[in-house]
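Accompanying notes for the structure given below.
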Amino acid sequence: MSRRDIEKLWESRESESLTNAEAAHLYRRAAFGATSGEIKAATNEALGAVVDRMLDDAVSSEGAQLEKNFQQMKSVVIAGNIYTQLPAWWLYRLIHTSRPALEQMVLFWHGHFATSAAKVQSPTLLLRQNEAFRRHALGSFTDLVMDVSRDPAMLLYLDSATNRRNRPNENYARELLELFCLGVGHYTEKDIKELARAFTGWELRGETFQFNRFQHDPGEKKLLGKTGIESGEQAIEVIIQSPQTARFIARKLVRYFVSDGDDIGDDLIEPLAQSFRENGFQLRAGLRKLFTSRLFYSELSIGRKIRSPVDMAVGLLRTLQATTNTISLAESTRELGQSLFFPPNVKGWDGGRQWINSATLIGRINLVTKLLGPETTFKAGSSEKIDSAFGVQNATEAVGLAESLLLARVLNGKQKSEVVQKISSEKPERSNLLAAIKVLATMAEFQLA
Amino acid sequence: MSISRRKFLAGTAAAAVVASTTSVPRLWAAANHRSAHFNDQRILVVIQLSGGNDGLNTVMPYADDVYHRNRFATRIAADRVIKIDDYVGFHPALGGFGEMVRENRLAVIPGVGYPNPNRSHFESMDIWHSAHFTPPHRTGWLGRWIDEQAAKDRQTNEVNATAQALRALHIGDEPLPLALTGLNALVPSLKTIDSLRVASDELVQAALKMESVGAAPADLLDFLQGARSTALTAADRLKSIDVRQLQRTGDYDQSGLSRKLAAVAQLIKIGFGPRVYYVELAGFDTHSQQPDAHAALLGELGRAVRAFHRDLDGTAQAENVLTFCFSEFGRRVKENGSRGTDHGTAAPVMIVGPKELPKMSGKYPSLTDLDDGDLKFTVDFRSVYSTILQKWLGVDSASILGDKHPMLDFLG
């Protein structure tokens with residue numbers, strides 16, 4: 001790709017306003033979908049203002065009340081010490097949060113610094129880690145890595161709690177380089193051994209981190225070609241200052257928010273990586289750059305991602321202003337390959353095409369059918385009131401609305417009339433909108449984010 | 001889940017009847033006209049041990065002092081080892097394997113690895129799956145085998161959607177393994193048979209018959225449409241099985257691997273179709289507190305594999321099933337300070353088959369001639385693949401692996 005093309009794709013559209021389809025795309029990718037009202041509001045403002053509001057720290061009074069509810073539910077999970085309820089707790093939070101873009105980033109970091117409740121098992125520690133992700137999700141990556149390296153759940157998950165001076169345990173050191181900061185091929189086996197030494201003595205005392213100087217190897221460590229490193233903190237600084245770390249994180253954000261495919265080259269990622277190097281690795285600024293870029297609304301992005309199970313379910317519920325039994329939803333997303341707090345391994349969820357196989361594809365169709373059924377409560381009230389609440393008069397309008405809110409790509413005329421015919425020729429459903437969604441969910445297009 | 005499993009297993013014996021009357025003769029006919037030497041009914045079952053299985057504590061060189069000196073907290077005392085010969089033996093939890101070795105139906109291939117070993121779980125797993133050494137790893141060795149079979153069928157005009165969709169099957173809740181990914185191959189992956197049942201909603205059932213025509217980036221949509229039609233084909237094939245005649249046999253325990261292999265045995269017995277079945281057993285990344293965890297995993301493995309082959313013994317398919325167990329790497333020779341072991345290199349591969357297999361095929365790697373604390377591999381894993389492809393599946397391995405590799409002697 002030419003330099004000119006790359007510059008063009010990274011031009012900011014912050015002073016422009018979005019079309020309906022573009023606004024729906026932004027909300028689907030960054031904030032678990034939007035209602036028609038949110039989309040309309042977004043198109044009446046400059047994109048910069050929309051994104052700033054999305055990423056803003058300010059908490060509304062409604063948000064503060066919700067936060068109280070989330071904390072209350074959290075204390076129930078902790079008091080009962082039932083770690084299997086963690087996914088349901090988070091799903092509830094995702095469905096109801098007033099800050100969905102923040103939660104999307106918390107989920108991003110959960111997948112990045114993957115820590116599984118299957119091994120850690122303590123709701124207290126896992127929820128503490130979850131709050132740490134929330135605290136740093138839009139802040140500084142350096143602070144985030146420092147916190148994660150001392151995070152008790154992580155120490156347990158990657159065995160650094162037993163990293164002793166005489167017998168360093170390489171597990172955390174390896175994953176910090178391979179999966180959290182640099183990526184395969186950007187460090188040596190020797191670097192791993194040296195880094196493991198720097199982390200000796202980083203232990204747990206009960207449920208809190210402690211530095212045990214008696215177990216710490218105080219000798220000099222050499223890492224990534226740098227000398228004179230003694231402590232774990234110094235080692236982290238060296239890793240984060242490596243130009244590769246900014247590239248690695250930028251690449252991962254682009255994969256998460258823009259495109260599953262490999263067709264976005266390093267040269268196109270570079271401007272985002274460079275902005276991290278220049279702004280002290282501030283995540284909010286990087287995301288603002290991404291969400292206001294031409295790239296984000298280009299052919300390289302639209303329809304180029306496969307929905308995650310959580311994105312699909314939470315997005316559908318938020319779009320329809322509905323809520324459901326999250327214990328049952330947690331079980332469904334688990335069967336579809338995404339159990340929150342239970343990532344499959346330290347690499348997190350691969351995402352993209354890995355979400356899809358015969359069983360999960362049929363499972364997705366079944367989940368949508370279930371979410372439109374009696375376990376779900378709609379703000380509009382009973383299902384016969386839904387069409388009028390969404391301003392839908394007939395089957396054609398229902399298909400049009402469902403398409404604009406939920407599909408990444410518009411259907412062609414033939415497809416659309418087939419769907420319209422399906423829902424009008426079937427025995428009368430109580431809501432055309434819900435019937436339309438049921439039918440659309442069986443199509444391959446529905447899986448695109 | 002136990003209900004769905006019972007329903008499914010209650011269902012599996014029935015199709016034995018179907019298999020013996022219809023699919024088998026058809027397959028025989030195909031086998032006869034294709035090759036006089038190879039039997040097209042042969043089936044490969046792959047068991048992936050995920051996380052990096054500690055090979056030194058699976059098949060341990062119990063008679064070697066160097067082993068005991070390096071494994072202060074994790075070693076197995078010589079008197080507890082199930083001896084294979086006067087140098088090596090199985091972990092005591094692998095009684096099932098010991099039994100099968102005595103019956104000459106299990107071969108250990110020690111020291112399997114590859115040049116310039118990668119110690120990342122993910123990279124090393126991708127290397128084993130793809131048999132390619134540099135990313136991006138796009139296709140797997142079995143996926144390429146499926147592609148090749150499909151191309152052959154097209155030449156002989158034996159195109160059959162069900163056969164295409166069911167050449168291989170992955171059972172488990174992990175994502176589809178790269179090993180089964182081809183350029184065209186679409187392999188179903190399921191947790192249980194019930195996961196292929198579509199909700200009985202009439203509107204949904206009707207909608208499934210609709211064709212999608214692309215309004216999206218072609219590659220992604222092609223992929224999704226292919227996956228959709230594979231799913232619906234496999235779902236239809238399952239619907240056609242008369243579940244009332246199926247019943248569970250065999251002496252399996254309740255472990256996850258036993259459940260998966262019991263399902264594989266049922267599907268094999270009814271002639272469901274796939275020639276490759278793929279299952280995984282995870283948890284081998286034993287950086288700390290290894291002894292109990294590792295013993296539990298090996299116990300699960302040995303019991304499940306023994307029950308699986310016992311289950312097939314005496315059936316028409318017993319002669320046709322070969323099981324292959326591997327892990328992405330072994331562990332360091334020297335244990336760490338957490339009663340565990342860190343990522344290493346070469347490790348043993350186990351093959352279980354119907355008949356005369358050598359107990360040991362190849363030389364155990366030296367415990368003193370090491371590469372930075374790691375074993376040097378003695379057998380390239382691509383030689384194992386070549387041997388399986390040529391001598392078991394009856395195809396030219398060079399076209400699939402891209403190169404010729406020396407054959408091993410475990411299949412004669």
Here segment B:398-412 yields Karplus 3J(HN,Hα) values (6.51, -1.76, 1.60; θ = phi - 60°; whole Hz; Gly and Pro given as x) of 4, 6, 8, 8, x, 6, 8, 10, x, 6, 9, 9, 6, 10, x
So for R0 = 60 Å, FRET eff. of A:VAL410-A:LYS226 from the Cβ-Cβ r, to 0.05, ends up at 0.70
By the C-alpha gyration tensor axes a ≥ b ≥ c (rounded if a/c is under 1.5, else prolate when a/b exceeds b/c, else oblate), the shape of segment B:313-412 is prolate
Note on segment A:128-282: contact order normalised by length, alpha-carbon pairs under 8 Å, 6 or more apart, percent, works out to 21 percent
In degrees rounded to 10, the 0-90 angle between helix A:243-257 Cα long axis and the longest Cα principal axis of chain A is 20 degrees
Cα-Cα longer than 30 Å, checked against A:LYS119/A:LYS193; B:LYS83/B:LYS334; A:LYS40/A:LYS289; A:LYS74/B:LYS260, kept in input order, equals A:LYS74/B:LYS260
Rounded to one decimal in nm, the spacing of the 7 Å Cα→Cβ label points at A:VAL184 and B:GLU202 is 5.2 nm
Once amide hydrogens are built 1.01 Å from N within the peptide plane, the residues lying 5 or more places from B:VAL321 or on another chain with amide H under 5 Å from its amide H are B:ILE43
Footprinting proxy, A:LEU401, B:LEU186: sorted fewest to most Cβ within 10 Å, the residues are A:LEU401, B:LEU186
Fewest to most Cβ atoms within 10 Å: A:SER259, A:SER2 sort as A:SER2, A:SER259
Per DSSP loop assignment and a cutoff of at most 13 other beta carbons within 10 Å, chain A keeps its longest run without exposed trypsin sites (Lys or Arg not before Pro) at A:1-212
Excluding residues fewer than 8 positions from A:LYS422 in its own chain, the lysines with Cα under 22 Å of it are A:LYS370, A:LYS385, A:LYS414, A:LYS438, B:LYS209
Per residue convex hull volume, Cα only, the protein assembly as shown, in Å³ is 170 Å³
Rounded to whole angstrom, the alpha-carbon centroid of segment A:132-158 lies from that of segment B:334-412 at a distance of 40 Å
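Rounded, prolate or oblate: which one fits segment A:302-403, using the alpha carbon gyration tensor with axes a ≥ b ≥ c (rounded when a/c is under 1.5, else prolate when a/b beats b/c, else oblate)?
On the way: a/c = 2.52, a/b = 1.73, b/c = 1.46.
Prolate shape, in that a/c is at least 1.5 and a/b is the bigger ratio.
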Here the relative contact order (percent) of chain A, from C-alpha pairs under 8 Å and at least 6 apart, is 19 percent
Once both label points are put 7 Å beyond Cα along the C-beta direction, the A:GLU299-B:VAL66 separation in nm becomes 6.0 nm
In order over segment A:209-224: 3J(HN,Hα) from phi, Karplus 6.51/-1.76/1.60, θ = phi - 60°, whole Hz, x for each Gly or Pro, gives 5, 9, 9, 9, 5, 6, 9, 8, 7, x, x, 6, 10, 10, 9, 6
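Taking Cα pairs under 8 Å and at least six residues apart, what relative contact order does segment B:330-373 come out at, in percent?
Values: 25 pairs, mean separation 15.9, N = 44.
Computed over segment B:330-373, the figure is 36 percent.
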So, with points 7 Å from each Cα along the Cβ direction, the B:LYS359-A:VAL76 label distance in nm works out to 6.1 nm
Treating only Lys and Arg (+1) and Asp and Glu (-1) as charged, each at its beta carbon, one finds that the protein assembly as shown has a dipole about its Cα centre, in Debye to the nearest 20, of 1160 debye
A correct Karplus calculation of ³J(HN,Hα) over segment A:412-422, with 6.51 cos²θ - 1.76 cosθ + 1.60, θ = phi - 60°, whole Hz and x for Gly and Pro, returns 7, x, 5, 4, 4, 5, 5, 5, 4, 5, 3
Looks like segment A:358-442, by Cα gyration tensor root eigenvalues a ≥ b ≥ c and the a/c under 1.5 rounded cutoff (else prolate when a/b is bigger than b/c, oblate otherwise), is oblate
From the Cα centre of segment A:307-336 to that of segment A:1-37, the distance in Å is 25 Å
Percent of all alpha-carbon pairs of chain A at distances over 40 Å, whole number, is 22 percent
Between the Cα axis of helix A:189-198 and the main Cα principal axis of chain A, the angle (0 to 90°, nearest 10) is 80 degrees
Residues whose modelled amide H sits under 5 Å from the amide H of B:SER327, counting only those 5 or more places away in sequence or on another chain, are B:LEU49
Summing -39500 (n - 2.57) over every DSSP H run of at least 4 residues in chain A and dividing by its residue count gives a helix-only mean residue ellipticity at 222 nm, to the nearest 500 deg cm²/dmol, of -16500 deg cm²/dmol
Amide H proximity to B:GLY273 below 5 Å, modelled H, separation 5+ or other chain, gives none
Quick calc, chain A, dipole around Cα centre from Cβ unit charges on Lys, Arg (+) and Asp, Glu (-), nearest 20 debye, gives 480 debye
Rounded to the nearest 10 degrees, the helix A:100-112 long axis (Cα) sits at an angle to the longest Cα principal axis of chain A of 50 degrees
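Here, each number is a calculation from the coordinates, and none is a lab measurement. In this text, all values refer to a predicted model and were calculated from it rather than measured experimentally. All Cβ positions, glycine included, derive from the backbone under ideal geometry; neighbour counts span all protein chains shown.
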